[in-house]
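I have placed the structure first, in the form of structure tokens, so that the comments after it can refer back to it.
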């Protein structure tokens, strides 16, 4: 964000680079397996939601709330995801899953009582992160439903989702931000390309996990990313993030919830 002030263009760069990297990783799967194009349609739809529309919200949330706090607010996604999985996908009710999810959500609500925040923090950043969490929760359940019973390779499915994400972000920019597209692109590519590489690796891992496990287990464990966001923000960005005891407690609660689910599922 410090190198390129256009978060929406950064979302496009991250999704496009991520799609390219994932396509390279998926190339052996394409050669080894025959994939029915119809089986990829749910992954295409999921990509439009997240990291498509969600990537625009996420980069804006990081701009207004900072990376650590945006990530922790997004940690509320498992609660939304578990509710959807239990009610719509018919996954079995397990009090352990609920207890772990509650711990994760408590980590996010701990930030509400935080006294010291970065000077650039804006409440709309928290709202954008929560909206992003809702899209991720919907995406997780759609992918969980699509991954079971389908014969699409997780790597090919990840490439499909990221290509769809890049397409929806590009369409958004062409309609609403065309005047800034060419002017800011040269600054956004080197600034956001590393985020695109990590997006590709993370998305491949997520789809492989959803291919093997239940949404109500994978999604809360995926939320442990909040801890890594806090630790990396403290390491890379430093004091400007104002990471205090409440911030660390929030991240630890989220990790505790994920570990609780993993140990007792």
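The values are calculated or read from the model by the stated rules, or taken from the named source; none is laboratory data. Since the structure is predicted, the reported quantities are computational estimates derived from the model, not experimental observations. Here the Cβ positions follow ideal geometry from the backbone for every residue, glycine too, while neighbour counts run over all protein chains shown.
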Q. Given the residues 133, 166, which is the only one that is buried (at least 23 other Cβ atoms within 10 Å of the Cβ), in a helix (DSSP H, G or I) and at pLDDT 90 or above?
A. 166
Q) Going through segment 40-53 one residue at a time, which ones are surrounded by fewer than 24 Cβ atoms within 10 Å (Cβ to Cβ) and touching a helix residue (DSSP H, G or I) at 6+ places or on another chain (Cβ under 8 Å)? A) 40, 42, 44, 45, 48, 49, 53
Q.
For segment 51-100, which positions are in a loop (DSSP other than H, G, I, E, B) and at negative phi?
A. 75, 76, 89, 91, 92, 93, 94
Q.
Given the criteria free of Cβ contacts under 8 Å to residues at least 60 places away in the same chain and either out of contact with any strand residue (DSSP E or B) (no Cβ under 9 Å at 6 or more places or on another chain) or not in a helix (DSSP H, G or I) (or both), does residue 249 qualify?
A. no
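The rows are residues; the columns are (1) assigned to a helix (DSSP H, G or I); (2) under 23 Å from residue 21 (Cα atoms); (3) without any contact (Cβ under 8 Å) to a residue 12 or more places away in the chain.
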| position | (1), (2), (3) |
| --- | --- |
| 185 | yes, yes, no |
| 194 | yes, yes, yes |
| 203 | yes, yes, no |
| 221 | yes, no, no |
| 229 | yes, yes, no |
Q: Just give me the residues in segment 233-246 being surrounded by fewer than 14 Cβ atoms within 10 Å (Cβ to Cβ) and in contact (Cβ under 8 Å) with a residue 12 or more places away in the chain, in sequence order.
A: 240, 244
